[in-house]
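Notes follow the structure.
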Amino acid sequence: VSRFEGITMAPPDPILGVSEAFKADNHELKLNLGVGAYRTEELQPYVLNVVKKADKLLLEKGENREYLPIEGLAAFNKVTAQLLFGADNPVIKQQRVATVQGLSGTGSLRLAAAFIERYFPGAKVLISSPTWGEYRLLAEISCEICSMASLPNCLARNHKNIFNDAGVPWSEYRYYDPKTVGLDFEGMIADIKAAPEGSFILLHGCAHNPTGIDPTPEQWEIIADVIQEKNHVPFFDIAYQGFASGSLDADAASVRMFVARGMEVIAAQSYSKNLGLYAERIGAINVVCSSPEAAARVKSQLKRIARPMYSNPPVHGARIVANIVGDSALFNEWNAEMEMMAGRIKNVRHKLFDSLSSKDKSGKDWSFVLKQIGMFSFTGLNKAQCDNMTNKWHVYMTKDGRISLAGLSLAKCEYLADAIIDSYH
Ligand code: PMP
């Protein structure tokens with residue numbers, strides 16, 4: 001008998017489940033809007049030209065494959081902090097940022113979670129409801145996707161599981177308001193206020209996943225006020241910088257505003273979306289401290305946590321980022337490609353809104369589609385309506401009503417609008 005007899009089968013990953021069901025469907029009009037990865041108008045994966053150029057340069061240079069230091073590639077760490085905070089930000093000149101290269105956004109979040117667990121025992125992390133990787137129906141208790149009866153055991157919630165696995169307690173703050181398909185700002189503020197002093201408030205820097213709903217600049221100021229009042233620590237997850245609006249600076253405005261107030265800030269970055277480096281696992285964790293001494297100490301402890309976990313990070317993605325940002329021609333080309341990707345998604349968003357508005361005779365207000373930002377749109381469709389989308393219309397999506405506009409083309413907007421209207425009514 002196996003020593004592993006007691007191991008039960010883990011539920012499948014919800015996104016992979018959607019993709020597998022999509023593959024098994026032979027209908028010619030089928031659409032996969034589950035996947036959170038950029039697709040071309042022809043719905044094919046996309047490698048940025050600037051990444052191909054950087055790859056070629058790297059090959060020509062023929063650099064060695066020695067280990068990186070625990071904290072990662074120095075040239076990468078330098079530019080990644082500059083991209084996030086702005087090259088002229090005083091916190092950089094004053095050496096107040098502890099930056100450590102991470103295994104993309106997920107690994108960087110996990111490193112910060114381990115750091116919180118070790119040095120802030122008992123401190124809570126507050127997470128938006130809903131958040132990334134969470135596909136339960138908003139009104140229901142159990143997860144519809146992984147079919148675990150109890151939410152704490154549900155596997156389909158990446159933010160929450162990152163903190164669970166690190167042993168960090170968390171709770172939620174209200175974020176999405178189903179009545180308006182918009183932000184529950186009052187609920188959010190009340191819940192952040194009610195959290196124990198010194199909590200870590202996890203914020204999506206831009207393009208909130210899964211809702212696509214971001215606070216306005218005025219609302220960000222009020223969020224910062226409350227976090228400051230309560231001595232909380234803002235913890236940004238910024239996985240879409242430059243990919244949401246097309247501008248690296250505009251998408252980092254929330255993070256920079258908090259830093260400009262003199263606040264200590266944690267920020268996890270990812271280059272999966274904005275450089276299309278999904279599989280390279282390149283990102284970083286940054287901790288802005290009030291003194292260079294504190295930053296040096298924090299960095300030493302982040303390294304201490306990383307060393308027994310994975311020793312040191314991979315080099316290739318770090319070199320790609322450092323080379324692109326370090327060369328003004330490549331940097332400009334990257335910005336143009338980011339604008340192109342963000343622009344394509346915005347065009348699709350507009351076309352979908354126009355199609356919904358012109359086809360739907362019920363008088364429903366579809367303007368929420370335009371107000372949302374980034375790769376996703378939260379349609380407000382419930383589980384039964386999502387089932388109709390898939391079973392009748394061959395549109396594959398997560399059952400929380402989220403669709404990836406990056407997986408949609410202009411040519412398919414009318415078809416999708418028909419499917420959504422049919423499912424709604
Ligand atoms: N945070 C959020 C909110 C995300 O949407 C994602 C990507 N889906 C990530 C983090 C991290 O992704 P990665 O580990 O590929 O950088």
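Of the residues making up region 1-40, those that are of a type in the set (Lys, Arg) and in a loop (DSSP other than H, G, I, E, B) are Arg3, Lys30.
A quick yes/no check of all residues on (1) touching a Ser or Thr at 6+ places or on another chain (Cβ under 7 Å); (2) in contact (Cβ under 8 Å) with a residue 12 or more places away in the chain; (3) not β-branched (Val, Ile, Thr):
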| position | (1), (2), (3) |
| --- | --- |
| Ala10 | no, yes, yes |
| Asp13 | no, yes, yes |
| Ala24 | no, no, yes |
| Ala37 | no, yes, yes |
| Glu41 | yes, yes, yes |
| Val47 | no, yes, no |
| Ala54 | no, yes, yes |
| Glu60 | no, no, yes |
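Which one is surrounded by the fewest Cβ atoms within 10 Å (Cβ to Cβ) among residues in region 101-120 that are near the ligand (Cβ under 8 Å from one of its atoms) and either within 16 Å of Ala81 (Cβ to Cβ) or among the polar types (S, T, N, Q) (or both)? Residue satisfying both the conditions and the ranking: Thr106. If you check Gln82 against the conditions, is it more than 16 Å from the ligand (Cβ to nearest atom) and either buried (at least 18 other Cβ atoms within 10 Å of the Cβ) or in a helix (DSSP H, G or I) (or both)? It is true that Gln82 is more than 16 Å from the ligand (Cβ to nearest atom) and either buried (at least 18 other Cβ atoms within 10 Å of the Cβ) or in a helix (DSSP H, G or I) (or both). In region 201-251, the qualifying residues are those that are under 13 Å from the mean Cα position of the chain (by Cα) and of a type in the set (Gly, Ala, Ser), and the one that is nearest to Lys179 (Cα to Cα) is Gly212.
So that you can scan it fast, the table gives a plain yes or no per residue for (1) of a type outside the set (Val, Ile, Thr); (2) touching a His at 6+ places or on another chain (Cβ under 7 Å); (3) crowded, with 17+ Cβ neighbours inside 10 Å:
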residue	(1), (2), (3)
Glu5	yes, no, no
Leu16	yes, no, no
Asp25	yes, yes, no
Asn32	yes, no, yes
Lys53	yes, no, yes
Leu58	yes, no, no
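Screening the candidates Ala406, Ala384 for the property of being closer than 27 Å to Asp13 by Cα and more than 25 Å from the chain's Cα centre (by Cα) yields one hit, Ala384.
Bear in mind that the values in this text are calculations on the coordinates, not laboratory data. Everything quoted here is computed from the prediction, not taken from an experiment. Here Cβ is always computed from backbone atoms with ideal geometry, including for glycine, and neighbour counts include all displayed protein chains.
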